[in-house]
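*Asks:* Okay, handing you the structure first.
Every number in this text was worked out from the coordinates using simple rules, so none of it is lab data. All values reported here derive from a predicted model rather than from experimental measurement. Positions of Cβ are backbone-derived with ideal geometry, glycine not excepted, and every protein chain shown enters the neighbour counts.
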C-alpha cells in the first residue's frame, strides 16, 4: 500500500475515533486527523478542501469549530495572503483535559450511586459494594495518571 493510501486510511480511522471521543462532526474529525498527520507547517485552506473533497463552506465552518475549540490554529506567511492551519501545540493536552473532565463526571456519578445504594438499598450495596468501590478506585487511578501526564506536558512546554 502506498503512503498516500495509508495516510487516507489512517485519516479515516483517526477521524472515526475523534468523532466518537471528541463529539465532532465527521468532517471536522477528518480535518483534525489530516492536520495531526501533516507536517508542523500545516496546510493551506485550499489544500484541505482538495484533500477532503468537500465544499469550501463546509471546510470553512468545520475549521472554525476546530479553531474555537483550540484544537487547531492558523498562521499566515509574510507576503502570502493564505491562511495555513495546523494542530495547536500540545493538542494531546486538550484530549487529556477532556478525558479528565469526563472521568470526573463519571466518578461523581459512581459516588452518588454508591451512596444512594448504601443508604436506600443496603442489601444491594452489601452484595455489590466491592464492584462499586472497585470501579470508583479505577476511575480515581485514571484521573491521577492523566493529571501526572498533564504535569509532564507542562514541563515539556516550559522546556520548548
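*Asks:* If a paramagnetic tag sat 7 Å from the Cα of residue 131 along the Cα-Cβ line, which residues of region 98-112 would have the backbone N under 17 Å from that point?
*Replies:* Zone members listed by number: 110-112.
*Asks:* Measure nothing but the geometry: give the 0 to 90° angle between the long axis through the Cα atoms of 56-68 and the longest principal axis through the Cα atoms of the chain, rounded to 10°.
*Replies:* The answer is roughly 50 degrees.
*Asks:* I'd like the orientation of helix 3-22 relative to the chain: the angle between its Cα long axis and the longest Cα principal axis, in ° from 0 to 90, rounded to 10.
*Replies:* Helix 3-22 and the main axis of the chain meet at about 40 degrees.
*Asks:* If we count other beta carbons within 10 Å of each Cβ, what is the order of 31, 72, fewest first?
*Replies:* Values: 31 30, 72 22.
Fewest-to-most ranking of 31, 72: 72, 31.
*Asks:* To the nearest 500 deg cm²/dmol, what mean residue ellipticity at 222 nm is calculated for the chain from DSSP H runs of n ≥ 4 alone, each contributing -39,500 (n - 2.57), summed and divided by the residues? Provide the component values of the computation, followed by the final result.
*Replies:* Values: 6 runs with 120 residues, N = 160.
Result for the chain: -26000 deg cm²/dmol, rounded to the nearest 500.
*Asks:* Hey, could you get me the Stokes-Einstein D for region 3-87, Kirkwood radius over alpha-carbon pairs, 37 °C and 0.692 mPa s, rounded to whole µm² s⁻¹? Each step should come with its number before you reach the end.
*Replies:* Details: Rh = 12.8 Å.
In µm²/s, the coefficient rounds to 256.
*Asks:* Using Cβ contacts closer than 10 Å as the measure, can you line up 89, 80 from fewest to most? Numbers along the way, then the final one.
*Replies:* Working: 89 13, 80 9.
Listing 89, 80 from fewest to most nearby Cβ atoms yields 80, 89.
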